[in-house]
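Here's the structure, in structure tokens; my notes come after.
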Amino acid sequence: MTDDADALRVDDLTIAYGAAPPSVSGVSLRVREGEIVGVIGESGSGKSSVALAMMGLLPDSARITAANMEIAGVDMKGATERDWAEVRGVKASMVFQEPMSALNPCMRIGAQIAEVLQIHGNADKEGARARALEILRLVQMPDAEKRLHYYPHQLSGGQRQRVVIAIAVAAGPSLLVADEPTTALDVTVQAQILDLIKGLRDETGMGVLFISHDLGVIGQLCERVAVMYRGRVVESGSARRVLEDPQHPYTRALLESIPRPSVPVRSPLAVIPAVNDFAEIPAVLEDVA
């Protein structure tokens, strides 16, 4: 991998359905190889739509336009399903929020990891099984040789997420898109998964686009962050600057909405109001922040 090469670059991304106004408008993101970039915002802000667009997984009813869309140097603007099939798993992979629904309940986890390697021509059947064990150890699965033969239901939630991550990194992608991969996990396992993602980034040099609604996770994991609201990026910059010195009233409102130990228990939490007109956002949110 080349220093400062882009794992992902998208400029002016817009996603629309039918005659409705765009659900995502004018979004630009860049993830360099070896960098973890966070995308944060409340539910419905467009985070997951952007993540799915980066993998070519939105439904056919979605109209996607962009001035530029590149994954590991490959131009994906106007890509066909066949083009995406050649990129997924090899250039870019995705980790979803709920690992149980991402795994085949009828296949042993070793076979599911090996399948990726065989599909992309990285190994024959025997070599793929041996490599699957190596990858399971790479994601720090306890007693990996034994669990290679387990079915998904025999694993804990954290172990299943390790399997999903193993499948995602099996073919050595340049970009990992992680869509709230720790939301369904308890805080102890969540910390382990975050450390795992950091470790894999350090070891492989892949770029990571990390989607979350948790500002604490973003601050712990990411070098840069983009804040989304109503389908647009309203603020971006280094994670430290955005979280410690937010410039946009929506970012300040998000930070103000976090429960704090210093606030009396019976004090009402700050609430971000609904805003119909995008132009009205700064004035309305200033009252919250």
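The values are calculated or read from the model by the stated rules, or taken from the named source; none is laboratory data. No experiment lies behind these values; they were computed from the predicted model shown. No Cβ is skipped: glycine too gets one built from the backbone with ideal geometry, and neighbour counts run over all protein chains shown.
Could you grab me the full set of residues in segment 211-260 that are under 21 Å from VAL24 (Cα atoms), of a type outside the set (A, V, I, L, M, F, W, C) and crowded, with 18+ Cβ neighbours inside 10 Å?
SER212, ARG224, TYR229, ARG230, GLY231, ARG232, GLU235, SER236, HIS248, PRO249, TYR250, THR251
Would you say SER43 is within 25 Å of THR251 (Cβ to Cβ) and either in a loop (DSSP other than H, G, I, E, B) or within 16 Å of the chain's Cα centre (by Cα) (or both)? So that I can check it myself, show each step before the final result.
On the way: within 25 Å of THR251 (Cβ to Cβ): yes; either in a loop (DSSP other than H, G, I, E, B) or within 16 Å of the chain's Cα centre (by Cα) (or both): yes.
Judged against the criteria, SER43 is a match.
Kindly establish whether ASP4 is more than 23 Å from ALA171 (Cα to Cα) and surrounded by fewer than 19 Cβ atoms within 10 Å (Cβ to Cβ). Can you show your working first?
Details: more than 23 Å from ALA171 (Cα to Cα): no; surrounded by fewer than 19 Cβ atoms within 10 Å (Cβ to Cβ): yes.
It is false that ASP4 is more than 23 Å from ALA171 (Cα to Cα) and surrounded by fewer than 19 Cβ atoms within 10 Å (Cβ to Cβ).
When the residues of segment 30-64 are filtered to those that are surrounded by fewer than 18 Cβ atoms within 10 Å (Cβ to Cβ) and of a type in the set (Asp, Glu), which remaining residue is modelled with the lowest pLDDT?
In this case the residue turns out to be GLU42.
Out of the residues in segment 129-165 that are touching a Gly at 6+ places or on another chain (Cβ under 9 Å) and without any contact (Cβ under 8 Å) to a residue 40 or more places away in the chain, state the one that is surrounded by the most Cβ atoms within 10 Å (Cβ to Cβ).
It comes out as ALA132.
Keeping to segment 175-191, report how many residues are surrounded by fewer than 24 Cβ atoms within 10 Å (Cβ to Cβ) and either in a loop (DSSP other than H, G, I, E, B) or of a type in the set (D, E, K, R) (or both).
From segment 175-191, those surrounded by fewer than 24 Cβ atoms within 10 Å (Cβ to Cβ) are 175, 179-180, 183-191; that's our starting set.
With the extra rule that they be either in a loop (DSSP other than H, G, I, E, B) or of a type in the set (D, E, K, R) (or both), the set shrinks to 179-180, 183-186.
So the count comes out to 6.
For segment 103-119, what are the residues that are over 21 Å from GLU86 (Cβ atoms) and either in a helix (DSSP H, G or I) or hydrophobic (A, V, I, L, M, F, W, C) (or both)?
Of the residues in segment 103-119, the ones over 21 Å from GLU86 (Cβ atoms) are 103-111.
Scanning segment 103-119 gives LEU103, CYS106, MET107, ILE109, GLY110, ALA111.
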